[in-house]
Each structure stands twice: as structure tokens, then as C-alpha cells.
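Notes to accompany the following structure.
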């Protein structure tokens, strides 16, 4: 059993996920680097260890329909063997599905693919790790969402980075993820498990061709804050750096 708090971050080999792992490690956490690419995962682990982080690799593929369930189960078994429990799960892995995504032109298979990763993948991973989370005194789940999934923002007329481009797969997938977060919060009400969504903002990553104006370190801040919430903190909420985001 690990004496340090233990986190798992999916999609942690690069970008925001890597910085979430680095930030938690700097706070003294042991961090599982969840990623499907073996070389990139081990490179990230080595880089984190060189920075003094207690990092370990966790092979995890949330994207493939036929193998994702087995991958999540195997990942949970690995964390159990390595650390004995999990204190925070950060569901960060996600895809856009490529652009443009006008609803009148989009291939329905694109929507299926994006939802498979951004929503169903989160469901599979969360359910696989809940038994380990329940061993923690203060279990936390963080779903990395986006303000483009806010129906309040999408229905407004403001044309800024909170709305984003028309994206009939990506934006609704984040709305779906937010809804799933709320359903977990309802089911887990009365337990010590706190689950929330967060928006990292418009971060320069390969997800958007590095067009964002925020750094990955800045984008990681909200997730790190929610992953380390004190007991009695909020649950079933949606946050960014400025505070609570409207659904």
C-alpha cells in the first residue's frame, strides 16, 4: 500500500495530461501515466522521474471498442499491484475527431468515434477504477471537459473561445461527458467520492494545432485543484480557472 496519495491521469504522455501528472507529482503524489503508446508513455515517465516525480507507466487504451474494456481492467489490476489503491482519477484523454464538423456534412461515424473516446472511454475507465478509489479516504474523480460543451455558452451569441467553432461531434461529446459526470454525482451522493468536470481553457496542444493561447501548465491547474479537493468539497460541478461554469 502506497503511503503517498496515488493518482492516475489518462492521456498523460503529452500536453495537458502530462502537466497534470507533473503538477500532482510536484505536490508529492505518486502518479500513474496512462497512455496507449508504449514509447511515448515510457518517455513521459522517464521525464517525470528526472524531475523528481514518483511516476509509473500504465498501459491504457480508451479508444478501441473491442479492447478498451480489457485495457481498463488490466490497468486497474496494474495500479492495484503497484500501489494498492487510487486516490484520484483524472480522465483527460480525448479527441476532436478532426475538423470541420458542420452537422449537415459530418459523417455519423465521426460522432460515434468521438463519443467512444470522450464519453464511453471515461465510463469504462471510471468503472474499472472505482473499486480502488473506494479504498481511498478521500477519492476524487476529475473529468476534463471543455466550455464548448456548455449548453449555456453554445446557446448564447458570444463568439469567443468559450463557444468554439461549429463542432457537431466534439462539442456535444463534452456536453455528454458533463451529463455523465452529473449522473455519477447522483449515484455517488452520500459517499466520500467527489466527481467534477473541468475546462482547461483554450490551450496550445496538438488537439487544436497549437493555436491556443494558454500553456499546458495553465490548462492543468483546474484539474489539479479538483484532484486534490479537501473533504467536503464540491461534487457534480463544472469549473474552470475563473470558477463555476454554467452547464
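Things worth noting here:
- In the stretch 99-120, the residues that are closer than 19 Å to residue 200 by Cα and out of contact with any helix residue (DSSP H, G or I) (no Cβ under 6 Å at 6 or more places or on another chain): 117
- Some residue of the stretch 131-142 being part of a helix (DSSP H, G or I), more than 23 Å from residue 239 (Cβ to Cβ) and over 14 Å from the mean Cα position of the chain (by Cα): yes
- Residues of the stretch 218-241 that are in contact with a strand residue (DSSP E or B) (Cβ under 6 Å, 6 or more places away or on another chain) and touching a residue at least 40 places away in the same chain (Cβ under 8 Å): 219, 223, 226, 227, 229, 235, 237, 238, 239.
- Flag if residue 94 is loosely packed, with under 15 Cβ neighbours inside 10 Å, part of a loop (DSSP other than H, G, I, E, B) and in contact with a helix residue (DSSP H, G or I) (Cβ under 8 Å, 6 or more places away or on another chain): no
- Matching residues in the stretch 30-39 - criterion: being surrounded by fewer than 24 Cβ atoms within 10 Å (Cβ to Cβ) and within 18 Å of the chain's Cα centre (by Cα): 30, 36, 37
- For the stretch 160-189, the set of residues classified as in a loop (DSSP other than H, G, I, E, B), surrounded by fewer than 21 Cβ atoms within 10 Å (Cβ to Cβ) and modelled with pLDDT of 95 or more consists of 168, 188, 189, listed by residue number.
- Where residue 96 falls short, out of the listed (1) at pLDDT below 95; (2) more than 16 Å from the chain's Cα centre (by Cα): (2)
- Hits in the stretch 2-21 (condition: farther than 22 Å from residue 118 by Cβ, touching a helix residue (DSSP H, G or I) at 6+ places or on another chain (Cβ under 9 Å) and surrounded by fewer than 23 Cβ atoms within 10 Å (Cβ to Cβ)): 2, 4, 5
- The residue of the stretch 208-223 that is modelled with the highest pLDDT, among those that are in contact with a helix residue (DSSP H, G or I) (Cβ under 7 Å, 6 or more places away or on another chain) and surrounded by fewer than 24 Cβ atoms within 10 Å (Cβ to Cβ), is 217.
The values are calculated or read from the model by the stated rules, or taken from the named source; none is laboratory data. Owing to the predicted nature of the structure, the values given are computational and were not obtained by experimental measurement. When we count neighbours, we look across all protein chains shown, and the Cβ atoms used for this are built from the backbone with ideal geometry, even at glycine.
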